[in-house]
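Chemist: Below: one structure in structure tokens.
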Amino acid sequence: MRPTFIRRLAEEGLLSEAERLRLEAQSTSGLFSLHWELKTLLYLGVLLISGGLGTLIYKNIDTIGHQAILAGIGGLCAGCFWYANRHKPPFTWNKAASPNAWWDYVVLLGCLLFVSFITYLQGQYEVFGHRLGSATFIPMVVLFCCAYYYDHLGVLSLAITNFAAWLGIAITPARILTDNAFGLEQRLINTALIAGLVLTLAGIASRHFGRKAHFAFTYYNFAVHIFCIGALSGMFLVDGGLIFYTLALAPALYFYYQLGIRMRSFYFLLVTLIYGYIGAGYLVIYGILQAWDVLEIGVAYLSILYLIGSSIAMARLLIRLNRKLKQDAHL
Amino acid sequence: MLIYNISQLDNRLIGQDTDAALAEGIIAAETADKIKAAHPCKLYEPNIFVRVGLIIVTVLCVLLAMGFVALLAADGVFRSFGTFCFVWGLLTYGALELWMKERPHFRSGVDDGLTWMTAGLIGTGLYWWLEDASLNVPFYGLMALVGSWLVVRTADAVVAACVWICGILFVMYTAIGYVPGARYLLPFLLMGYSAAGYFLFSRMQQQFRFRHYDLCLSVLRFAGLATFYAAGNYYIVHNLGMNLLGMEGEPPLPWLFWTLSVALPPAYVWMGLRKKDRIPLATGLLLMAAAVFTVRAYHAVMPIETAMLLGGIGLAGISYFVHRYLKTPKHGFTTQATHTRSFGAEQLEGLIIAETMQPAPQSEGSFRFGGGSGGGGGAGGEF
């Protein structure tokens, strides 16, 4: 706290003498935390090591030999899990605190190495033949088990991503819109809806049965995005699918809106509102375009007026919701 | 000079400091409540999601209103787009002043959006009028002035960063246009300007009367350090010399620029650790990467994968040993996070991990190396 403020509060009689002295001591010589700098350095270091090692091995594959590499990866993976097991917190269905930041990274490294191991096996020796589903199934199961056993949100995110990969789609934030051939494969859109549904059920189950209830947020997070983007893509791209996918979208939005209110989470309210806004906007503009023969350029005016009006309405709705959740507004 | 109510801003700062002190156990809970009751903050300052939403809505409203008017008056707009934008910029500024007069918003998204739209529209208008390359100097000068006024009025950090960039460009083009021998002086001129700015803003940040410009001043200090480094960086001096000033071959005094390129980032880190100041420390760490790129641009010291491996081991090693050294706090440093670490940070960390460390999804049996998004070996079978 700035010294001027400390003086002002002391003069107003709001601070006891001891508190004033402690505040002044802290403002002149508080501890300087290097936590995030060190964590960033570690993370970058791990990224560089894995990238460098990967390229090095790839370039020297002839001299090193596949089996040596497999043995190396397997050994390192086993080592990581051995270390993780030595220092892991006791298992509980509630949230378990991790012993330190290094332990988190060791668990993560172990899981990544395991996935690499399986990928390498499949790529080099085609251990699973053409049954690619199996190749992704085993890592997925292992990742889920590790996520629960070690209570690691990062590994859970990897597991969910692998689950979606297993279903044949990429759902990480950046690739969700570019890697998916939604326009060509209605099957993919429906897969997205199913994935979203399953993840939502997983989230509900975690909270209802009390099995790692803090995982629910991650489940819901992935679920709402994959489901809504799938449904919206269905509305935009599938011929004659407008009504079906709107009917699929609406109850999902309603569910997540209620969830946001129940969890007092502004994040879910916002996300539902945004997806609802996009869907509703599409329906309105689609409707206006149907009357092109009658309105012609009027379509442009009406659309702009709708967009202005709806964005103002959205803003007011956001502010009202925020006020409703004001006290407990967090992620 | 601020558009906001000063005593309300003070109450906001007091409230934040009180929360921090309470979290660290320095004051009692009743004291915190008494302070908050005596200094209530009635500013409307919503969370980040509402803020982003309102920024989008505000910008959309301004653009759509402009579009609507443009549809009605298409002719006039075509004849002078610059005037159209400039006038709308002034109108948007008027809207900002009127809005803030009646409503106690603070970083609600509405004031952010209106400020940025004002700066953007006036900038577009000026750019359209002064499109000729020879009028660079008045353009950047005027933009810096307009931006400075907005910063003084709203303490907006983004506009402050833009003002700094405009200032640098103004000095650069003035020197090129009007100062003889500029081609040899330019790096030192810009370094002097950046250093002067850095020291000025550092002094200002310590003074109580600039307490509400804290974020702006931090951004400006970072910008000053960054441009000081950039002005002395060998790669930038070499390339800008070629492209802007038509100089050929090696820049004069190459040893000086090489020394600056390589030695300045560690110097920043040292400065940050000595003064326990996060800005030089973080800037120095970031610029280490720039130093590495500069060296690699001219000298292939070792193949990239070995460099990555060694660099990675080095970084992870430093992190590990410093962590062990500071297990108990020493010399005023600690590895514990401050109380502001929250649930949100953990979730974000999980998402980042999933994004950067996810092996590519399986495709038709092509072999991909997982475990990192960096130089993973590509498929294809050709060696």
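Chemist: In nm, to one decimal, how far is the B:LEU215 label point from the A:GLN124 one, both placed 7 Å along Cα→Cβ?
Modeler: 5.1
Chemist: Explain nothing, just the number: dipole magnitude of chain A about its Cα centre with +1 on each Lys and Arg Cβ and -1 on each Asp and Glu Cβ, in debye rounded to the nearest 20.
Modeler: 940
Chemist: Now, a different point. When the Debye formula is applied to the Cα atoms of the stretch A:21-65, each taken as the same point scatterer, what base-10 log of I(q)/I(0) results at q = 0.31, 0.33 Å⁻¹?
Modeler: Summing over Cα pairs of the stretch A:21-65 leads to -0.97, -1.01.
Chemist: Can you give me the long-range amide H partners of B:PHE333? Hydrogens built in the peptide plane at 1.01 Å from N, cutoff under 5 Å, separation of 5 or more residues or another chain.
Modeler: So B:PHE333 has HN proximity to A:PHE32.
Chemist: Per 5 Å bin from zero, what fraction in whole % of the C-alpha pairs of the stretch A:229-331 is there, up to the bin with the longest pair?
Modeler: Once binned at 5 Å, the Cα pair distances of the stretch A:229-331 give 2, 12, 18, 18, 18, 15, 9, 5, 2, 1, 0.
Chemist: Order of B:155-166, A:46-57, A:253-264 by packing, highest average Cβ count within 10 Å first?
Modeler: A:46-57, B:155-166, A:253-264
Chemist: What's the average, rounded to a whole number, of partner chain beta-carbon atoms within 10 Å of each residue's beta-carbon in A:53-66?
Modeler: 5
Chemist: Just check the stretch B:108-192 against the gyration tensor rule for me: Cα atoms, a ≥ b ≥ c as the square roots of the eigenvalues, rounded for a/c under 1.5, and otherwise prolate or oblate depending on whether a/b exceeds b/c.
Modeler: oblate
Chemist: Could you check which residue among A:ASN162, A:ASN94, A:ASN60 shows the biggest mean-square fluctuation in a GNM of chain A with a 10 Å Cα cutoff?
Modeler: A:ASN60
Chemist: Follow-up. Under the rule a/c < 1.5 gives rounded, and otherwise a/b versus b/c splits prolate from oblate, where does the protein assembly as shown land using the Cα gyration tensor?
Modeler: Rounded is the answer for the protein assembly as shown, as its axis ratio a/c remains below 1.5.
Chemist: Tell me the per residue accessible area of the protein assembly as shown using a 1.4 Å probe; a whole number in Å² is fine.
Modeler: Heavy-atom SASA per residue in the protein assembly as shown reads 50 Å².
Chemist: Okay, moving on. Do me a favour and compute the ellipsoid semi-axes for the stretch A:254-304 from its Cα gyration tensor, root of five times each eigenvalue, largest one first, whole Å.
Modeler: Each semi-axis is the square root of five times an eigenvalue, giving 34, 9, 5 Å.
Chemist: Also, I was wondering about something else. What's the center-to-center distance, using Cα atoms, between the stretch A:181-238 and the stretch A:145-168 in Å?
Modeler: Distance between centres, Cα-based: 15 Å.
Chemist: Same structure, new question: Would you work out which of B:GLY192, B:TYR173, B:PHE210 lies farthest towards the positive end of the dipole of the stretch B:123-266? Charges go on Cβ: Lys and Arg +1, Asp and Glu -1.
Modeler: Looking along the dipole axis, the top candidate is B:PHE210.
Chemist: Here is a follow-up. In 10 Å bins starting at zero, report the fraction of Cα pairs in the stretch B:62-151 per bin as a rounded %.
Modeler: 17, 43, 30, 10, 0
Chemist: Okay, moving on. Do any residues of the stretch B:181-225 show a loss of at least 40 square angstrom of accessible area between the isolated chain and the full protein assembly, using a 1.4 Å probe, and if so which?
Modeler: Checking the loss per residue gives B:PHE208.
Chemist: Checking the table A:LYS326/B:LYS101; B:LYS276/B:LYS327; B:LYS276/B:LYS330; A:LYS324/B:LYS101; A:LYS95/B:LYS327 against a 21 Å threshold on Cα-Cα, which pairs fail?
Modeler: Flagged as over cut-off: A:LYS326/B:LYS101; A:LYS324/B:LYS101; A:LYS95/B:LYS327.
Chemist: Counting only protein heavy atoms and using a 1.4 Å probe, what share of the accessible area of the stretch B:188-274 belongs to carbon plus sulfur, as a whole percent?
Modeler: After summing per-atom areas, the C and S share lands at 69 percent.
Chemist: Another question about this same structure. Does chain A come out rounded, prolate or oblate, given a ≥ b ≥ c as the square roots of the eigenvalues of its C-alpha gyration tensor, rounded meaning a/c under 1.5 and, failing that, prolate meaning a/b above b/c?
Modeler: oblate
Chemist: Work out the length of the dipole vector of chain B about its Cα centre, built from +1 on the beta-carbon of each Lys and Arg and -1 on the beta-carbon of each Asp and Glu, and round it to the nearest 20 debye.
Modeler: Here the size comes out at about 1100 debye.
Chemist: Let me know the whole percent of all Cα-Cα pairs from the stretch B:99-153 that are separated by more than 16 Å.
Modeler: Roughly 49 percent, rounded to a whole number.
Chemist: Now a separate question. Normalising by the residue count of chain B, find the relative contact order in percent from Cα pairs under 8 Å and 6+ residues apart.
Modeler: 10
Chemist: Name the residue farthest towards the positive end of the dipole of the stretch A:195-331 from the options A:GLY241, A:LEU295, A:SER206, assuming +1 on Cβ of Lys and Arg, -1 on Cβ of Asp and Glu, about the Cα centre.
Modeler: Comparing the listed Cα positions along the dipole, A:SER206 ranks first.
Chemist: Can you run phi through the Karplus equation (6.51, -1.76, 1.60; θ = phi - 60°) for the stretch A:310-326 and list ³J(HN,Hα) in whole Hz, with x for Gly and Pro?
Modeler: So the Karplus estimates, Gly and Pro as x, are 5, 5, 5, 4, 4, 4, 5, 4, 4, 5, 5, 4, 4, 5, 5, 9, 2 Hz.
Chemist: Report Rg/Rh for the stretch B:190-256, rounded to two decimals, where Rg is the Cα radius of gyration and Rh the Kirkwood radius.
Modeler: 1.17
The values are calculated or read from the model by the stated rules, or taken from the named source; none is laboratory data. All values derive from a computational prediction rather than experimental measurement. Note that we place each Cβ from the backbone using ideal geometry, even for glycine, and neighbour counts take in every protein chain shown. Note: accessible area is taken over every heavy atom of the protein model, side chains too, but ligands, DNA and RNA are not part of it. Shrake-Rupley method; radii C 1.70, N 1.55, O 1.52, S 1.80 Å.
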